[in-house]
Amino acid sequence: MTTLFVAAGGVLGVLARWGIYRLTFHTDALIWSTVGINIAGSFLLGLLAAENWFGQDAREALGVGFLGGFTTFSTFSVQVVLDVDAGEPGRALAYLVASVAGGVLAAAAGYALGRRLA
């Protein structure tokens, strides 16, 4: 049953993000709506991770499903916080740098490959 809850949450998260995208498409607000989505998702996942507010099924549906579909940036942000909280600031910094630099480098590589294939 958990799988269905996560799937339903994921669909709702993706649709929420798509709806915001549709409202801001071809406007200067697009980049800022993405920033807002990422910040809101990070806040909500942090809130969800702080305590056992709900049962396991609901937590997975909201965290992995909805917020995972809404933004994957939230998972990244909360992992950095959890590592620092666990007394592993070096690991948190390495994860942060590897994720950001790796993501940008991978995006650049994919973009470059796509341009060559076009």
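General remarks:
- Computing Rg and Dmax of the Cα atoms in Å for the structure here picks out one of (1) 16.3, 49; (2) 18.6, 70; (3) 14.8, 42, namely (1).
- For the chain: relative contact order, % (alpha-carbon pairs under 8 angstrom, 6 or more apart): 33 percent
- Among T34, T2, L113 - extreme Cα towards positive end, dipole of the chain, charges at beta-carbon: L113
- Kirkwood Rh in Å, taken over segment 2-71 so that all alpha-carbon pairs contribute: 12.4 Å
Where a number appears in this text, it was derived from the coordinates with a stated rule and is not lab data. Quick caveat, the model's predicted, so the values are computed rather than measured. Cβ coordinates were reconstructed from backbone atoms using ideal geometry, including for glycine residues, and neighbour counts include every protein chain displayed.
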